[in-house]
Amino acid sequence: MKRPALRPFLLWLAIPVCMTGCGSGGSSNAKLGSILFTKQGLTAGSGILYAMDQDGSGLRAIDSNQFLDYMPAWSPDGTRIAFLSGRDSHHTWENDLYTMNPDGTNVVRLTQSATVEGRPTWSPDGTKIAYADGNGVWTIKTDGSSRVKLLDSRAEAIDLAWSPDGTQIAYTNLHTGHAQLFIMSADGSNSRQITTGTSYSGTPSWSPDGARIAFFADGIWLINPDGTNLKQLTQASSGGVITKVDMWPRWSADGSEIVFARGYQIYKMKADGTNIVPLTNNQDGTESAPDWRLH
């Protein structure tokens, strides 16, 4: 199936560069199915992560940090959140990897590179996090020790997604002319391409059973890990004109629904692309990079 080309600059529409400040604190009791997301607002260089219940209710701020916090990712057991931030560098373009509790407490800085890019991903057993920075693609233990390099160049991979069985990592390869989805073994070996075409293909997310990968191209798509059974769920263009940008798909725990960012808000839909409904009613910025708590 041929996918329409998507202009490369659209990638940056969903990568937050600024966020608004908000009230302090958040719920200390993260619920099963809680959805994290990034809110880009009107104040340059400041930011908040938000969480809400899976029906869009219970919206709450995770922290009140004045610098950019973004790309949140739930730990497998739901007790920690990994995220990127420039809070210690005091610059939005110098980001490191952090973890914290769901209520914003006990923040731990894991890296010192100031060049971390794209969404981090937890190993299914919760002992490691994979991430990309200016020197390569790495795994690191959750206490910041035992860093292991998987790939030599950050430009090789971004937006990592660990498979549910822990054996593979999906990622966006930026060295293919048009960025495409690849899968590698969890040790960085045996990399292979699973998408083709001229559209930017990125932000992969494994279904809970590992049978399907949701990703962004011209809309939200599904594909098998072997590159077969490509299916489009949403479409971003009409008559060659971009009408909306759907990105950052993430699965529900039972695999029946997918949450994603559309334009400036967070939506969810059935896993077959039907019943698309907004979860937020954003009026003052851009919401992106949702992540669904699975356990």
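Computed from the coordinates by the stated procedures, all read-outs in this text should not be read as laboratory data. Only a predicted model underlies this, so the values are computations on that prediction, with no experimental measurement involved. Glycine gets a Cβ as well: all are built from the backbone with ideal geometry, and neighbour counts include every protein chain shown.
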> What nm distance separates the two modelled labels at H295 and D187, each placed 7 Å from Cα along Cα→Cβ?
Replying inline: 2.4 nm
> For T105 and K244 in the same chain, what is the full-extension length gain: residue separation times 0.36 nm, less their Cα-Cα distance, in nm?
Replying inline: 46.5 nm
> Of T79, T121, T228, how do they rank once you tally other Cβ atoms within 10 Å and put the fewest first?
Replying inline: T228, T79, T121
> Considering the Cα trace of segment 165-235, what is its radius of gyration and what is Dmax, both in angstroms?
Replying inline: 11.4, 34
>> Residues of segment 253-290 with backbone nitrogen within less than 13 Å of a virtual label 7 Å along the Cα-to-Cβ line of L59, please, listed as ranges.
In response: 264-267, 278-288
> Stretched out fully, how many nm does the piece from R147 to D209 gain, at 0.36 nm a residue minus the Cα gap?
Replying inline: 19.5 nm
>> For V107, V245, V137, which order do you get if you count the other beta carbons within 10 Å of each Cβ and list the fewest first?
In response: V107, V245, V137
>> For D218, D226, which order do you get if you count the other beta carbons within 10 Å of each Cβ and list the fewest first?
In response: D226, D218
> Label-point separation (nm) for V277 and D254, each offset 7 Å from Cα along Cα-to-Cβ?
Replying inline: 1.4 nm
> Between T79 and A114, how many nm apart are label points set 7 Å from Cα along the C-beta direction?
Replying inline: 3.4 nm
> How are the C-alpha pair distances of segment 157-284 spread across 10 Å bins, as whole percents from the shortest bin up?
Replying inline: 13, 45, 32, 9, 0
